[in-house]
Amino acid sequence: MIPIDHTGGYVYTENNKLYTLSSNPGIRVYGEKTVKLSDYEYREWNPRKSKLAAYIKAGGRTFPLNKDSRVLYLGASSGTTASHVSDIASDGKVYCIEFSPRMFRDLVNTCATRPNMLPILGDAVNPSEYQFAVGPLDMVYSDVAQKRQVDIIADNMDLFNTDIGMVAIKARSEDVTLQPSEVYRASEKRLTDRGFEILESVDLEPYENAHKMLVFRRG
């Protein structure tokens with residue numbers, strides 16, 4: 001297996017599939033396939049179940065995660081993608097924010113066997129509510145299905161004084177009356193208006209319809 005990133009994180013590709021080196025061998029998070037090589041176990045990372053994996057498969061190369069990254073994950077749901085982030089940031093921290101009590105119960109179970117994943121029940125719109133539970137950060141990742149997606153991540157980055165962000169823009173969640181391309185342009189403009197520089201903009205087709213990943217940093 002060959003590492004495809006250049007940041008020290010463990011993301012691998014083989015037979016046109018993605019894998020992360022499992023930080024918790026023997027335990028599957030969402031029924032994913034596993035592969036053993038020597039003394040190591042790798043978890044298949046399905047781009048149709050993870051927008052971050054879809055970003056990599058769709059050609060994204062501005063990948064700001066590494067082994068000791070400290071990540072604030074907004075919209076962690078049950079922890080599917082966050083568990084792969086925890087594999088990559090095996091010496092770091094993944095602060096997982098989830099608003100839904102139902103999904104949070106599943107998230108707690110996912111985090112139970114992963115010490116670097118910290119579940120936090122909270123609303124990403126109000127980051128001051130969970131500020132006390134979050135330590136220093138290297139980046140913020142957002143997968144929140146509601147309006148004002150870029151403002152939500154930007155507000156979190158401002159509060160936590162973080163320079164790097166990734167947001168999966170869901171065009172239909174933002175405005176169903178607009179074409180996705182219009183939503184993406186408006187989102188990029190809003191980020192630049194707030195003082196950020198767009199590093200990469202990647203359409204997630206064919207893995208996700210009407211989705212685009214934006215990678216950006218503070219200007």
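The values are calculated or read from the model by the stated rules, or taken from the named source; none is laboratory data. Here the structure is a predicted model, which means the values were calculated and not measured. Cβ: placed from backbone, ideal geometry, glycine included. Neighbour counts: every protein chain shown.
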- [ ] Please specify each residue of segment 13-37 satisfying the condition of being within 19 Å of Lys67 (Cβ to Cβ) and assigned to a loop (DSSP other than H, G, I, E, B).
- [x] Ser22, Ser23, Asn24, Pro25
Task: Matching residues in segment 79-120 - criterion: being more than 19 Å from Val167 (Cα to Cα), touching a Leu at 6+ places or on another chain (Cβ under 8 Å) and not charged (D, E, K, R) - done: Ser90, Pro101, Phe104, Cys111, Pro119
TODO: Select from segment 110-159 the residues that are over 15 Å from the mean Cα position of the chain (by Cα), of a type in the set (D, E, K, R) and within 23 Å of Thr80 (Cβ to Cβ) and list them in ascending order.
DONE: Arg114, Asp123
- [ ] Determine if segment 25-35 includes at least one residue that is among the polar types (S, T, N, Q), under 20 Å from Met213 (Cβ atoms) and out of contact with any Pro (no Cβ under 6 Å at 6 or more places or on another chain).
- [x] no
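To keep it simple, each residue is scored yes or no on (1) touching a Phe, Trp or Tyr at 6+ places or on another chain (Cβ under 6 Å); (2) assigned to a loop (DSSP other than H, G, I, E, B).
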position	(1), (2)
Pro47	yes, yes
Pro64	no, yes
Ser78	no, yes
Val94	yes, no
Open item on the list: Please go through segment 174-190 and give me each residue that is surrounded by 15 or more Cβ atoms within 10 Å (Cβ to Cβ), in contact with a helix residue (DSSP H, G or I) (Cβ under 7 Å, 6 or more places away or on another chain) and either farther than 24 Å from Arg61 by Cβ or among the charged types (D, E, K, R) (or both), ordered by number.
Closed with: Glu174, Arg190
Task: Odd one out for Asp39, checked against (1) modelled with pLDDT under 90; (2) surrounded by 23 or more Cβ atoms within 10 Å (Cβ to Cβ); (3) not basic (Lys, Arg) - done: (2)
